[in-house]
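In what follows, a single structure is set out as structure tokens and then discussed.
The values are calculated or read from the model by the stated rules, or taken from the named source; none is laboratory data. These numbers come from a predicted model, not from an experiment. Positions of Cβ are generated from backbone atoms using ideal geometry, with glycine treated the same way; all protein chains shown enter the neighbour counts. Side chains included, ligands, DNA and RNA excluded: accessible areas come from the protein's heavy atoms. Shrake-Rupley method; radii C 1.70, N 1.55, O 1.52, S 1.80 Å.
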Amino acid sequence: MRPRVVLVDDHALFRAGVRGELGAEVEIVGEAESVAEAVPLIRESDPDVVLLDVHLPDGGGEAVIAQVSPQRPGVKFLALSVSDAAEDVIGVIRAGARGYVTKTISARELASAVRRVADGDAVFSPRLAGFVLDAFRAGERVGGDAELDELTAREREVLQLIARGYRYKEIAARLHLSVKTVESHVSSVLRKLQLSSRHELTRWAAERRLI
């Protein structure tokens, strides 16, 4: 039986390519190009696997996982991204993805990865697996962080951008939010983490390798 798959990527041409390459191996039950489109689609179609880009116009793949998993715990996520940055790999795995492969993967390897994830395996491109192993060796809680788990997916995105030096107005434009909403998220993050300033927040994020 072919795995039922939802494709989430903001490039229509790339989605068409994946659909063409995997069409005989999987059943594509839906496509989305943003967090806003992906969440209701995945909840409704309840696929076996979601092929998920890490960076989307209105947020990250982590936000999709955070919003879907509570209602659809059986859905498995496989990150498929052009990014091979360690922070992206660790971030999406911490959020709950079962694997992470880069877009240089062959069609045959991708089909195999989807089937393996559908069967419950964890799948990584070789170099990316090293990031996860290194994080374990360094004592990082890849599977979760009690304080970080207090934050919503959107709050985590705002936290990372603040820690990277973005101003409120820049964050608002990047995440398609109002400045007032960004300010509200920052206040919530500071309260939940019991921090009192942007400087403390940046140091907190740096200690957890979130920057």
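Before moving on, here are some points about what is shown:
- Test: residue in the range 36-55 that is in contact with a Leu (Cβ under 6 Å, 6 or more places away or on another chain), open to solvent by less than 50 Å² (accessible area, probe 1.4 Å), farther than 19 Å from ARG115 by Cα and aliphatic (A, V, I, L, M): no
- Residue match in the range 83-94 (condition: closer than 18 Å to LEU41 by Cα and open to solvent by less than 20 Å² (accessible area, probe 1.4 Å)): no
- For ARG174, the requirement of being assigned to a helix (DSSP H, G or I), closer than 18 Å to ASP58 by Cβ and either within 20 Å of the chain's Cα centre (by Cα) or modelled with pLDDT under 85 (or both) is met.
- Residue in the range 24-31 that is in a strand (DSSP E or B) and open to solvent by less than 10 Å² (accessible area, probe 1.4 Å) present: no
- Test result for ARG116, farther than 19 Å from ARG15 by Cα and open to solvent by 40 Å² or more (accessible area, probe 1.4 Å): yes
- The C-beta contact set for the range 14-28 (first residue under 18 Å from MET1 (Cα atoms), second residue open to solvent by 80 Å² or more (accessible area, probe 1.4 Å) and modelled with pLDDT under 95, distance under 6 angstrom, 6+ apart or interchain) comprises VAL26/ARG2; GLU27/ARG2; ILE28/ARG19.
- Total residues in the range 64-74 satisfying the condition of being open to solvent by 10 Å² or more (accessible area, probe 1.4 Å) and under 23 Å from GLU155 (Cβ atoms): the figure is 7.
- Matching residues, the range 95-113, being open to solvent by 30 Å² or more (accessible area, probe 1.4 Å) and touching a residue at least 60 places away in the same chain (Cβ under 8 Å): LYS103, ALA107
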